[in-house]
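Colleague: Shown below is the structure under consideration.
Nothing in this text is a laboratory measurement; each read-out follows from the coordinates by a stated rule. Keep in mind it's a predicted model, so treat the numbers as computed, not measured. Note: ideal-geometry Cβ built from the backbone for every residue, glycine included; neighbour counts use all protein chains shown.
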Amino acid sequence: MEFPSESTLQLSYARGGSIVKQFAGFVAACSVGAVVNYLTTINVWQLTRYKQFAAVIGVLAGTLFNFAASQFLVFRAKHVRR
């Protein structure tokens, strides 16, 4: 159950937004992350004989994509101070 903890604890500035809109964005971002995971795994699989290595690289790529998409697209701050 990643969404409730991510939207309320780690990204407290996102509390004021619509939960339905945030959830839809979160699901969309994670769906694209799953595709990134799959495609990365398939491409690395063709380059190495160690299938577990390909799976680990795919999981890392998908996780990094999900984090970046959630942080910078779904739960981004409205106003960023510089």
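Colleague: Output the peptides 18-28, 61-71 sorted from most to least packed, where packing is the average of other Cβ atoms within 10 Å over each peptide's residues.
Modeller: 61-71, 18-28
Colleague: Neighbouring Cβ atoms within 10 Å as the yardstick, rank R76, R49 fewest first.
Modeller: Working: R76 14, R49 7.
The most exposed by this proxy come first: R49, R76.
Colleague: Between S18 and R49, what is the label-to-label distance in nm when each label sits 7 Å out along the Cα-to-Cβ direction?
Modeller: Reported label-point gap for S18 and R49 is 5.5 nm.
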